[in-house]
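The structure under discussion appears below in the form of structure tokens.
The values are calculated or read from the model by the stated rules, or taken from the named source; none is laboratory data. Computed from a predicted model, the values in this text were never measured in an experiment. Cβ sites come from the backbone with ideal geometry, for glycine too, and all protein chains shown count toward neighbours.
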Amino acid sequence: MNDTVSQVRFHKVWFKPLIGNKSTDDGPYSEFDDVPESFMKSMINSIGQTFFVESVSVFPVSFLDDDLCVFDFELLGTRICAKKIL
């Protein structure tokens, strides 16, 4: 059993939907500013900042190295990948 955990501190969140994406680039956006301005981008960040609770933001880690952390968000039954940005 792996006892490694990750604590998330919400700052900004972004994603790139791959379903229906007409782009040939399936990679993620590398920076928040690369994400096209949209209602969805604003809404996701507003909701995240409003409802984020740091005291319950500790998650089991599936993978960890110097720049990347993959953790299990069990409440939503999903796995999240976070990259360290300096």
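In the stretch 31-48, the residues that are in a helix (DSSP H, G or I) form no Cβ pair under 6 Å with any partner that is surrounded by 11 or more Cβ atoms within 10 Å (Cβ to Cβ) and polar (S, T, N, Q), whether six or more places apart or across chains.
Just name the residue that is modelled with the lowest pLDDT out of those in the stretch 40-86 that are among the polar types (S, T, N, Q) and surrounded by fewer than 10 Cβ atoms within 10 Å (Cβ to Cβ).
Filtering the stretch 40-86 down to residues among the polar types (S, T, N, Q) leaves 42, 45-46, 49-50, 55, 57, 62, 78.
With surrounded by fewer than 10 Cβ atoms within 10 Å (Cβ to Cβ) added as a condition, the list becomes 50, 55, 78.
Working: T50: 85, S55: 76, T78: 83.
Filtering the stretch 40-86 for residues that are among the polar types (S, T, N, Q) and surrounded by fewer than 10 Cβ atoms within 10 Å (Cβ to Cβ), the one modelled with the lowest pLDDT comes out as S55.
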